[in-house]
Amino acid sequence: MASLASLVLLQNRLAKERAEVMDQMSGWDEEIRRKKHIVTELERTLEALRANPAAPGPRTAAEVSGATEAPGSPKHAHEGHEELLRRFSSALAELPTWPTHQWREASFQAHFSSAADGQLAEFLSALSPEQRLVWELQNPSEVSPKLDRGLLGALKEGGRSAEVDVLMAAAGKPSEAEQQYRPLLWLCFHRQLNASHIEQGAGGQSLLTLACRNGWCDVANELLERRADVHQRSGTQLTALSAACARGSASCAEVLLQAAADPNEASKGRSVLALASSVPSEGPGLEVVRKLLDFHAGVHQVGLDGRTPLMEAAAAGRSHCCDALLEARADPSDEDNEGKTAAQLARTKGFGELAKKLEEVLNTSIRDPPRG
C-alpha cells in the first residue's frame, strides 16, 4: 500500500511538472511569435525608409510592441475579450433608459446592414423595398430593438452565451410597439415605397392587410398616410378591415374606418361585424364590435349560412358581444339556414347561461314588442 501511495504521489508531481513545462513552452512560443512580428514590422519600416527617408513607421522593437500586439496573441485576445465585456456592461446599463424609437441613419444601418448572414442575407438583398417590408411584417422580431444585434453576434461568436442570455432577459420580449419598430424604420428610409403593394407570394395580400393581421396599428397608420388602398382584397377576399376584426384589433379597425373602410363589408361570406363578434378573446372582440357599431355597421347582416352577428357571438359564447348587439337592436328571433336562433346555437355549443339570457330577451320581445 505504501509503494502504491508513493507511486500516486510521484505521478501527481510529474503531472504538475509537465503542466509547468508546457506553460513555459507556450510562453516561449508566444515570445518567438512576438519577436517575429517585431522583425516583420521593422523590415517594413526599413523598406519604406529606403524609398523615402521621411517615411513613418516604428524604428525600434519597443515602438512596435507599444503600437500593437500581434493578431492572435494572448494579449490581443485578452484585449478583445475586455472590450467585449465593456460593451456588454455598457449595453446592460443603458437598457432602462434606451429610447426605443430611434430614426437615425446609424440606427437603420445597425438593424439592416448586418442583420443576417449567408443565404438569408443573399435572399433579403434580392428583395425589392416592398418585398422586404412584407418579409418584416411576416417575420416579427423576437429580439427587442433595445439590443445591439452586432454585440449579440459578437458575444455568440466569442462563446459568451451567458452574457447573451442576460441581455435577452434584461431587455425582455419585445412589446407590440417594439415589434413595429423595424417595419417603421424601414418605411422611414424608403419614402418612395409603394404603400398599396400587393404581394402575390403572400396570397395577394396588401401591406396594409399584413400589418392589420398583426394588429400593428402604427404601421397601418403610416401606410394609410401614404395613401394605401383600404379596399384592396387578397386572393381569398381578405381585406385590411376583416384582418383587423379577425385579430380583434380595435386600434387597427378604428384607423381603417376613419380612412373610409366599409363597416358593412364581408369576407368569405361573413360580415366584419360577425368576424369581430366571434373573436376567441372576448375583450378585444367586444372593443371591435363597439367600434364597428359606432360607425353604423348593420346588425342584421346575414352570412352564407344564414347567421347574423348575434348568432356568431352566441355560438362563440361571447356574452358581452351579445349584449352590445342587442343594445343595437339585433333580433334574437332570427334563424339561420338550419332554423336555429342565437339562443339555440349558444345551448348547442354548451353556453347554457348565455342561452338562458337570450331566451329571456326573446320572450320579453315577444310579450312587449318595441314600439315605433
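The values are calculated or read from the model by the stated rules, or taken from the named source; none is laboratory data. These figures come from a predicted structure and were not determined experimentally. Counting neighbours? That spans all protein chains shown, and the Cβs are built from the backbone with ideal geometry, glycine included.
Kindly indicate which of Glu359, Glu353, Glu338 is surrounded by fewer than 16 Cβ atoms within 10 Å (Cβ to Cβ), among the acidic types (Asp, Glu) and assigned to a helix (DSSP H, G or I).
Glu353
One line per residue, one yes/no per condition, for (1) part of a helix (DSSP H, G or I); (2) touching a His at 6+ places or on another chain (Cβ under 9 Å):
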position	(1), (2)
Leu275	yes, no
Gly283	yes, yes
Arg290	yes, no
Asp305	no, no
Ala314	yes, no
Gly317	no, no
Arg329	no, yes
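Any chance you could count how many residues in region 161-216 are within 26 Å of Gly235 (Cα to Cα) and not in a helix (DSSP H, G or I)?
Adding up the residues that qualify gives 15.
Out of the residues in region 132-166 that are of a type in the set (Ser, Thr, Tyr) and under 15 Å from Ala110 (Cβ atoms), state the one that is farthest from the chain's Cα centre (by Cα).
Ser144
Determine if region 224-236 includes at least one residue that is in the same structural domain as Gln205 (by TED's automatic domain parsing) and not in a loop (DSSP other than H, G, I, E, B).
Yes, there is a match, as at least one residue in region 224-236 is in the same structural domain as Gln205 (by TED's automatic domain parsing) and not in a loop (DSSP other than H, G, I, E, B).
Working only within region 71-99, note down all residues that are under 20 Å from Ser144 (Cα atoms), loosely packed, with under 13 Cβ neighbours inside 10 Å and modelled with pLDDT under 80.
Pro96, Thr97, Pro99 - these are the residues of region 71-99 that are under 20 Å from Ser144 (Cα atoms), loosely packed, with under 13 Cβ neighbours inside 10 Å and modelled with pLDDT under 80.
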